[in-house]
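Working notes for the structure below.
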Amino acid sequence: MRRLVVLGAGTAGAMVVNKLRRRLARDKWQIIVVDQDDTHVYQPGFLFIPFGTYRPEQVVKPRRQFVPAGVDLVLGEVDRVDAAANEVLLSGGRRLRYDFLVIATGTSPRPDQTPGMLGPLWRTSIFDFYSLEGANALARALEQFEGGRLVVHIVDLPIKCPVAPLEFTFLVEAYLRHRGIRDRVEIVYATPLPGAFTKPIASARLGSMLEERGIGVETDFLVERIDEEAKALVSYDEREIGFDLLVTVPLNMGADYVARSGLGDELNYVPVDRHTLLSTKHDNIFAIGDANDIPTSKAGSVAHFSVDVFAENFRRHADGQPMPGRFDGHANCFVESGDGKALLIDFNYDTEPLPGAYPVPLVGPFALLKETARNHWGKLAFRWMYWHLLLPGRPIPLPAHMSMAGKHRPTTKEE
Ligand SMILES: Cc1cc2nc3c(=O)[nH]c(=O)nc-3n(C[C@H](O)[C@H](O)[C@H](O)COP(=O)(O)OP(=O)(O)OC[C@H]3O[C@@H](n4cnc5c(N)ncnc54)[C@H](O)[C@@H]3O)c2cc1C
């Protein structure tokens, strides 16, 4: 009996075990998935909790609901991987031998990595929405916010869903307008990037949307520390941004056990081949989802498209054959823009987000790089798809590879 161990039963881990259980013969393969807790959270929903669009209970479900029959769920914290011995060590001392290992333990916000962030201002004037507790606390803080300077801030990249801080900014601007207090609030978007987003065409589009909404942008802002007394972000080049309410995206890092196991880079991401997701060091270890170092967005959509390619490849690789599939870095993300509208971006390693229609050329129904109500409804409908199609590994009629059909280079007017 061969044994596959999957670390992490989040978005990627749940899809991996569902897809592989159907493909691998039960009398030849045992599949074990390990997670530290039994609560699966729908992280894209965190964005909506501060505004009361979603209630916390709408974004959580028991994890075992997404672990299929024939897969063993082990609840426990991974302490270390001993790659030389092909063993995983759990915190309680339990050892799990493996023939093949999939690392899918994601990435987490680490407010402890910025001096001053976790001091007395944490969750009184400094909030995040990258955790359920953070999003809940921020909902209460926003309700009580009556005016002043509100700063939305990213510590450094990569972060999961790199458009989420922009979405939050657009949503909070609309929220304050609807509450009738927009004129009492200065909104500042502070980013380590030279513009609103990483890719030029989308960055120009999203940057002009910030400008139209009267939102100040502080670019190339690399925070060194938070001055708690002055209530200000202080950058390495000694710029200061004062705040009354700070909504930050803390440094995102892969799990610490990855570093302890000698498997990660400086942010605990596992270096992999960007087309096969196979570890660059170990021929029997893959890293999927946010846990790896591939140069595309850390997003559920990337986990989804890459798992499609990986699932086809895995059995061949396990049988000692070449892997036929090559992941192209395909990502797509809805970008909420407030007032019941959203944009959609679709891109891969080689092609930046372009305008057009998705997934069917000319027809859509979704519009690329354009604000529409349909995109917004698509984003809201995605929660249902996530629970019912994506996590159980059911087929979704969206090709894993990005297509150029329906896309075009923007005209000067569109830019
Ligand atoms: C605010 C926000 C908005 C987002 N919006 C979108 C969006 O609109 N579209 C989109 O595509 N993506 C979005 N994402 C990103 C998406 O949620 C993630 O990219 C996706 O969940 C990654 O899946 P994963 O399996 O790699 O990691 P996760 O789903 O985070 O799973 C990792 C799992 O590993 C477990 N784990 C970690 N460490 C250990 C350990 N030591 N021992 C045992 N278990 C461990 C965790 O408990 C967790 O279950 C958003 C994320 C956030 C935070």
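The values are calculated or read from the model by the stated rules, or taken from the named source; none is laboratory data. The model shown is predicted, which means the values in this text are computed figures rather than measured ones. In this analysis, Cβ positions are derived from the backbone assuming ideal geometry, glycine residues included, and neighbour counts consider all displayed protein chains. Surface accessibility is based on the protein's heavy atoms, side chains included, excluding ligands, DNA and RNA. Shrake-Rupley method; radii C 1.70, N 1.55, O 1.52, S 1.80 Å.
Within the range 165-210, being assigned to a helix (DSSP H, G or I) and charged (D, E, K, R) holds for GLU167, GLU173, ARG177, ARG182, ASP183, ARG184, ARG205. The single residue among THR53, THR39 that is within 9 Å of the ligand (Cβ to nearest atom) and at pLDDT 95 or above turns out to be THR39. Taking the conditions exactly as written (open to solvent by less than 70 Å² (accessible area, probe 1.4 Å), within 13 Å of the ligand (Cβ to nearest atom), among the acidic types (Asp, Glu) and over 17 Å from the mean Cα position of the chain (by Cα)), does ASP79 satisfy them or not? Yes: the conditions hold for ASP79.
Out of all the residues in the range 391-411, is one or more open to solvent by 30 Å² or more (accessible area, probe 1.4 Å), more than 15 Å from the ligand (Cβ to nearest atom), among the hydrophobic types (A, V, I, L, M, F, W, C) and at pLDDT 95 or above? No, the range 391-411 contains no residue that is open to solvent by 30 Å² or more (accessible area, probe 1.4 Å), more than 15 Å from the ligand (Cβ to nearest atom), among the hydrophobic types (A, V, I, L, M, F, W, C) and at pLDDT 95 or above.
State which residue is farthest from the ligand (Cβ to nearest atom) when the search covers only the range 295-326 and only residues that are open to solvent by 70 Å² or more (accessible area, probe 1.4 Å) and assigned to a helix (DSSP H, G or I). Result: ARG316. Consider the range 373-386 and keep the residues that are touching a strand residue (DSSP E or B) at 6+ places or on another chain (Cβ under 6 Å) and not small (Gly, Ala, Ser). The one that is farthest from THR11 (Cα to Cα) is ARG374.
When the residues of the range 141-163 are filtered to those that are in contact with a helix residue (DSSP H, G or I) (Cβ under 6 Å, 6 or more places away or on another chain) and open to solvent by less than 10 Å² (accessible area, probe 1.4 Å), the one that is farthest from the ligand (Cβ to nearest atom) is LEU142. Across the range 115-133, the number of residues qualifying as within 16 Å of the ligand (Cβ to nearest atom) and touching a helix residue (DSSP H, G or I) at 6+ places or on another chain (Cβ under 7 Å) comes to 5. Please verify whether the range 87-94 includes one or more residues that are modelled with pLDDT of 95 or more, open to solvent by 20 Å² or more (accessible area, probe 1.4 Å) and β-branched (Val, Ile, Thr). For the range 87-94, residues modelled with pLDDT of 95 or more, open to solvent by 20 Å² or more (accessible area, probe 1.4 Å) and β-branched (Val, Ile, Thr): absent. When LEU263, LEU246 are screened for being farther than 25 Å from PRO165 by Cα, aliphatic (A, V, I, L, M), out of contact with any helix residue (DSSP H, G or I) (no Cβ under 7 Å at 6 or more places or on another chain) and touching a residue at least 60 places away in the same chain (Cβ under 8 Å), only LEU263 passes.
Out of LEU362, LEU398, LEU380, one residue alone is aliphatic (A, V, I, L, M), on the phi > 0 side of the Ramachandran plot and not in a strand (DSSP E or B). It is LEU362.
Taken together, the criteria exclude ALA14 from residues that are assigned to a loop (DSSP other than H, G, I, E, B) and of a type outside the set (S, T, N, Q). Within the range 146-173, residues that are at pLDDT 95 or above sit with their Cβ atoms under 6 Å from residues that are surrounded by fewer than 19 Cβ atoms within 10 Å (Cβ to Cβ) and part of a helix (DSSP H, G or I), at 6+ positions apart or across chains, in these pairs: GLY147/ARG184. Of the residues that make up the range 374-393, is at least one touching an Asp or Glu at 6+ places or on another chain (Cβ under 7 Å) and within 24 Å of TYR130 (Cα to Cα)? Yes.
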